[in-house]
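Colleague: Below is a structure I'd like to ask you about.
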Amino acid sequence: MNIEEIRQEFPILEREVDGKPLVYFDNAATSQTPLCVVNAITEMYNCHKANVHRGVHTLSQEATDRVEASREKVRAFINAASVQEVIFTRGTTEGINLVASSMGEKIFNGDEIIVTQMEHHSNIVPWQLLGQRKRIRLIVVPVKEDGTLDIEAYEDLFSDSTRFVAISHMSNVLGTVNPVKQMIEIAHAHDVPVLVDGAQAAPHMPVDVQDLDCDFYAFSAHKMYGPTGVGVLYGKKKWLERMTPYQGGGEMISTVSFKNTTWADLPFKFEAGTPDFVGIAALGTAIDYIQSLGMDNIASREQELLEYATARLQEIDGLRIYGTAPHKGAVISFLVNDINSYDMGLLLDKLGFAVRTGHHCAQPLMERYGVTGMIRASFSFYNTHDEIDRFAQAVQRVSAMF
Ligand code: C6P
């Protein structure tokens, strides 16, 4: 990978904050966007903006072709069996809400749903909302001190009442990459379907939904160098066919009358209303971009950055890293002594470093570690060893100020 060349694709990395060069270490919240993706958005607005799947006119055909080409790129990217299994959403959050709402119809009073202690709020609250409509219980897989899941406990949590499992592929706080393939196998042995929250995994490692054998897989375009406001929900056809639509409106129907409405074929049954067709087309370009770099190259570059940053930060007195799992993505959450994460984040920002602070939308996990927040540095392939060196110095300098 030629990092100098790659960085030129991301003009934002050249900007300054408070007169200091920006060091962007908040990639797990949202990644930056390469020029090719920005150009794809501009081209859609300048040349092909028309509503999709509706018009016979040329512009509408062009926009539709671009959206459907993007769907095929997503299908290939995650190795889904069919484009009918690829639903465009607004993001991971909407994908999980869709499943909780539509699969929720098959979950009844007294049933149980297994989640983990490291879930993002997006994979907790939709199930709790379902729980308000039906008396279902969330059963929680504990996280061990090093940030790995207690898989033995997971196996023991299954009962005759278990109806669904919802787990993250990679934790946005600890970086832990969970053994989802093994967890899915265990769930399927109990005849229980599994949703995988892939928000943090899809941008950083190869994902093969057929090999994982997951029933649902949700992720967001904005974390994978794509546009904001677009996401993907993969669902196995056998489930999608049985589920009722999440929302009603244009394009998700076959026929409508005041007596009876019938649904469109998959995947359109789950895509009510005008989609973000500009963003969806640009997601296709983001996938082309990622593929041109190579997912394996991305993963190994980020592993190298993770190892280097871990070693540099561990040199700092009083610094504790949360999440030291052997299989981990390029995310480091930490605290120094009892310094408040927010206070430290503000000072780091003054020095040009963009990191995330606070509970990271994972309050139950914060509670697990007995803290209210952490500082998180999350890396992308375009980050450099020099940025990490400067970051380690800045953390040391800021810590000394408290
Ligand atoms: N995590 C972070 O800074 P949306 O907002 O729908 O694109 O993604 C939600 C989501 C779901 N699951 C996981 C594991 C996530 O990390 C996120 C988003 C960001 O960690 C913003 S809170």
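Colleague: May I ask you to evaluate 6.51 cos²θ - 1.76 cosθ + 1.60, the Karplus curve with θ = phi - 60°, for each residue of region 77-85 and list the ³J(HN,Hα) values in order in whole Hz, giving x for glycine and proline?
Modeller: Per-residue couplings from phi come out as 4, 9, 6, 6, 6, 8, 5, 5, 9 Hz.
Colleague: To the nearest 20 debye, what is the magnitude of the charge dipole of region 1-119 about its Cα centre, counting +1 on the Cβ of each Lys and Arg and -1 on the Cβ of each Asp and Glu?
Modeller: Here the size comes out at about 360 debye.
Colleague: Sort the following peptides by mean Cβ neighbour count (other Cβ atoms within 10 Å, averaged over residues), highest first: 257-263, 145-151, 8-14.
Modeller: Working: 257-263: 9.0, 145-151: 17.1, 8-14: 14.4.
Ranking the peptides 257-263, 145-151, 8-14 by packing returns 145-151, 8-14, 257-263.
Colleague: Quick check: the distance between the Cα centres of region 241-273 and region 97-152, to the nearest angstrom?
Modeller: 27
Colleague: Roughly what % antiparallel, to the nearest 5, for the DSSP beta bridges in the chain? All intermediate terms of the calculation are to be shown ahead of the outcome.
Modeller: Values: 28 of 46 bridges.
Once the DSSP bridges in the chain are tallied, antiparallel ones form about 60 percent.
Colleague: With both bridge residues required to lie in region 195-239, what share of the DSSP beta bridges run antiparallel, to the nearest 5%? Let's see the in-between values first.
Modeller: Working: 5 of 8 bridges.
The antiparallel proportion sits near 60 percent.
Colleague: Rounded if a/c is under 1.5, else prolate if a/b is larger than b/c, else oblate: which is region 167-229, with a ≥ b ≥ c the root eigenvalues of its Cα gyration tensor? Walk me through the numbers on the way to the answer.
Modeller: Numbers: a/c = 2.35, a/b = 1.82, b/c = 1.29.
Cα axes put region 167-229 in the prolate bin.
Colleague: Out of the DSSP beta bridges found with both residues in region 72-211, what percent are antiparallel (nearest 5)? Kindly include the intermediate steps, with their values, before the conclusion.
Modeller: On the way: 2 of 14 bridges.
Roughly 15 percent of the beta bridges in region 72-211 run antiparallel, per DSSP.
Colleague: Could you tell me what fraction of 2.2 N^0.38 Å the Cα radius of gyration of region 234-381 comes to, as a two-decimal ratio?
Modeller: Working: Rg = 22.6 Å, N = 148, 2.2 N^0.38 = 14.7 Å.
Relative to the 2.2 N^0.38 Å estimate, region 234-381 comes out at 1.54.
Colleague: Which of Ala330, Phe353, Tyr369 sits farthest toward the positive end of the charge dipole of region 248-378, with +1 on the Cβ of Lys and Arg and -1 on the Cβ of Asp and Glu?
Modeller: Of the options given, the answer is Tyr369.
Colleague: What 222 nm value per residue comes from the helices of the chain, counting each DSSP H run with n ≥ 4 as -39,500 (n - 2.57) and dividing by all residues, nearest 500 deg cm²/dmol? If you can, show how the numbers build up before the last one.
Modeller: Values: 14 runs with 156 residues, N = 402.
Calculated at 222 nm, the ellipticity per residue is -12000 deg cm²/dmol.
Colleague: Around Thr372, what is the net charge, scoring Lys/Arg as +1 and Asp/Glu as -1 over all other residues with Cβ under 15 Å from its Cβ?
Modeller: Working: positive: Arg320, Arg356, Arg368, Arg376; negative: Asp338, Asp343, Glu367.
Summing Lys/Arg as +1 and Asp/Glu as -1 gives +1.
Colleague: Would you mind classifying the chain by shape? Square roots of the alpha carbon gyration tensor eigenvalues, ordered a ≥ b ≥ c; an a/c under 1.5 is rounded, otherwise it is prolate if a/b is larger than b/c and oblate if not. It would help to have the intermediate numbers written out before the result.
Modeller: Working: a/c = 2.10, a/b = 1.24, b/c = 1.69.
Here the chain falls in the oblate category.
Colleague: On a full-extension model of 0.36 nm per residue, what is the gain between Ser161 and Val17, subtracting their alpha-carbon distance, rounded to one decimal in nm? Intermediate values should be presented prior to the final figure.
Modeller: Numbers: separation 144, 0.36 × 144 = 51.84 nm, distance 5.31 nm.
Computed gain between Ser161 and Val17 is 46.5 nm.
Colleague: Explain nothing, just the number: dipole magnitude of region 228-295 about its Cα centre with +1 on each Lys and Arg Cβ and -1 on each Asp and Glu Cβ, in debye rounded to the nearest 20.
Modeller: Working: 6 positive and 6 negative charges, 81 e Å.
It comes to approximately 400 debye.
Values in this text are rule-based calculations from the coordinates and carry no lab data. Not measured: the values here are computed from a predicted model. Positions of Cβ are backbone-derived with ideal geometry, glycine not excepted, and every protein chain shown enters the neighbour counts.
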